[in-house]
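Trainee: Mind looking over this structure? Questions follow.
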Amino acid sequence: MTETFFPEKFADRTDTGGREIDPTQLAPARAWGAQRENGPIQPMVVERRALRPDDVAIDVLYCGVCHSDIHMVRGEWGAQAFPMVPGHEFVGRVTAVGKDVTRFVAGDFAGVGCMVDSCCTCDNCKAGLEQYCTTGATLTYASPDPRGPGQTMGGYSERIVVRDRFVIKIPDGADLATTAPLLCSGVTTYSPMQHWRLGSGQRFAVIGLGGLGHMALKLAVHRGAQATVFTTSAGKEKDAYAMGATDVVVWHPAANDPILQARELANRFDFVLSTIPSPYDLAPFLPLIHQDGAFVNVGAPGLISGVTGGALWDQRRSLVGSCIGGMPETQDLVDYCCANAIRPQIELIRPDQITQAYLRVENKDVRYRFVIRSCLRPQRARIARWRVPMPYGPARCIRR
Ligand code: NAP
Ligand code: ZN
């Protein structure tokens, strides 16, 4: 079976589709992306900048598919510039480093999440909260790139060049395919648990058992919390219990009584985490929050309705949000998950299956994160000393 997922015309890496490039500054890389809003995910060629002194060049080996990728390609978060190469949770192998880089050498395994740059000088950046950079962090894709050509292009690609501060070290022995989703879905759910100190014995609930939600469940269970899952998919009940849930509630957002058990669950939860990817009505959930408890939204940034002042007065409830995690926290999370074998449940796909995978995510049919297997050709993978069991078994990080 061939593992070259690029049609013949893209096998020549100098084919840039007619665009002009300066060969002394930029190098083409094969990628998969959308040429237009809502378009299919197709092969294309992007340019990667030449190494700067603080840059790390990475061959991408595994890249997760986040629902944010789908929102972006669909134009659900406003008009975007196309072509777009999504992908903001990936791991790969370092191939070269700039002269000032001390944390990595060629051959190391490395990960990249949702950001590739920020001002690094504002108070938030100094505190390791680069995601809240006051001038705006540079996102891994679809962001104007202060260091490269045009806008950033993400991890659905064979190669990327990233500023070293925004590169995560992957611990020796880590399972690489299941480490990739930690870079977004893992840290996005871990960060609020750290900030609002979710602890042992507390009553936790997650709404939505998808990519973020199932990571939240696993992390909360590992912290010793009693975890309840609110799902709209009765078929996920068994999986939720297998991942450690103490209770599963099947709820019906469009019904007059969305949560049939609302009365018995009143004032129950210390911490509710919503991963719902579309605008929703909060009214059914606020009464379920315990005194001084928090409702944390990490789901879609659109309209959340149904909030009354009184529902927040009552029990001194907090309604808050949280955005991914900073670089130190992302490293902590990756180290923590690898040390404790907290792994996402993934489905490995080839790049030519991404378009179909998007539809399955939208139909709540992913179990529970799609991960795209390397765009590299097999000989390059061999050079990187990869054990890649066929057909799509996990590969492990091998100590050099
Ligand atoms: P996902 O894999 O699609 O999971 C979302 C889950 O929510 C679905 O599996 C489904 O679970 C439930 N759901 C879907 N549509 C629903 C609806 N209309 N009403 C109620 N429940 C619904 O998505 P994801 O990758 O986990 O991402 C979730 C959201 O977080 C996305 O909007 C993404 O953009 C956002 N996000 C935010 C951050 C951040 O920094 N805050 C970071 C990454 C992603 P059930 O079948 O169990 O109901
Ligand atoms: Zn994401």
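The values are calculated or read from the model by the stated rules, or taken from the named source; none is laboratory data. In this text, all values refer to a predicted model and were calculated from it rather than measured experimentally. Backbone-built Cβ (ideal geometry, glycine too); neighbour counts: all protein chains shown.
Trainee: Please work out which residue is surrounded by the most Cβ atoms within 10 Å (Cβ to Cβ), limiting yourself to the stretch 71-95 and to residues that are under 14 Å from Ile58 (Cα atoms) and aliphatic (A, V, I, L, M).
Mentor: This residue is Val91.
Trainee: Still on this structure, I have one more. Looking only at the stretch 308-334, which residues are farther than 28 Å from Phe285 by Cα and surrounded by fewer than 16 Cβ atoms within 10 Å (Cβ to Cβ)?
Mentor: Hit for the stretch 308-334 is Pro328, nothing else.
Trainee: A further question follows. In the stretch 179-196, which residues are surrounded by fewer than 24 Cβ atoms within 10 Å (Cβ to Cβ) and part of a helix (DSSP H, G or I)?
Mentor: Scanning the stretch 179-196 gives Ser191, Pro192, Met193, Gln194, His195.
Trainee: Kindly list the number of the only condition in (1) assigned to a helix (DSSP H, G or I); (2) modelled with pLDDT of 95 or more that fails for Arg382.
Mentor: (2)
Trainee: Within the stretch 37-44, identify whether any single residue is at pLDDT below 95 and away from ligand 2 (no atom under 15 Å from the Cβ), and answer yes or no.
Mentor: No, there is no match, as no residue in the stretch 37-44 is at pLDDT below 95 and away from ligand 2 (no atom under 15 Å from the Cβ).
Trainee: Can you name the residue in the stretch 103-118 that is of a type in the set (Val, Ile, Thr) and in contact with a helix residue (DSSP H, G or I) (Cβ under 8 Å, 6 or more places away or on another chain) and is also farthest from ligand 2 (Cβ to nearest atom) among such residues?
Mentor: Out of the qualifying residues, it is Val116.
Trainee: Shifting gears a bit: Being farther than 18 Å from Ala227 by Cβ, modelled with pLDDT under 95 and either surrounded by fewer than 18 Cβ atoms within 10 Å (Cβ to Cβ) or within 13 Å of ligand 1 (Cβ to nearest atom) (or both): is that true of Ala339 here?
Mentor: no
Trainee: Tell me, please, whether a residue that is over 24 Å from the mean Cα position of the chain (by Cα), in contact (Cβ under 8 Å) with a residue 40 or more places away in the chain and closer than 26 Å to Gly186 by Cβ can be found in the stretch 275-288.
Mentor: Yes, there is a match, as at least one residue in the stretch 275-288 is over 24 Å from the mean Cα position of the chain (by Cα), in contact (Cβ under 8 Å) with a residue 40 or more places away in the chain and closer than 26 Å to Gly186 by Cβ.
Trainee: Something else about it: Can you pull out every residue in the stretch 109-139 that is surrounded by 20 or more Cβ atoms within 10 Å (Cβ to Cβ) and more than 16 Å from ligand 1 (Cβ to nearest atom)?
Mentor: Phe109, Ala110, Asp117, Cys125, listed by residue number.
Trainee: If the requirement is being surrounded by fewer than 19 Cβ atoms within 10 Å (Cβ to Cβ) and either more than 16 Å from ligand 2 (Cβ to nearest atom) or among the small types (Gly, Ala, Ser) (or both), which of these qualifies: Gly208, Gly199?
Mentor: After applying the criteria, what remains is Gly199.
Trainee: Select from the stretch 67-94 the residues that are touching a helix residue (DSSP H, G or I) at 6+ places or on another chain (Cβ under 8 Å) and closer than 14 Å to Gly33 by Cα and write down the one among them that is nearest to ligand 2 (Cβ to nearest atom).
Mentor: By that ranking, first place goes to His88.
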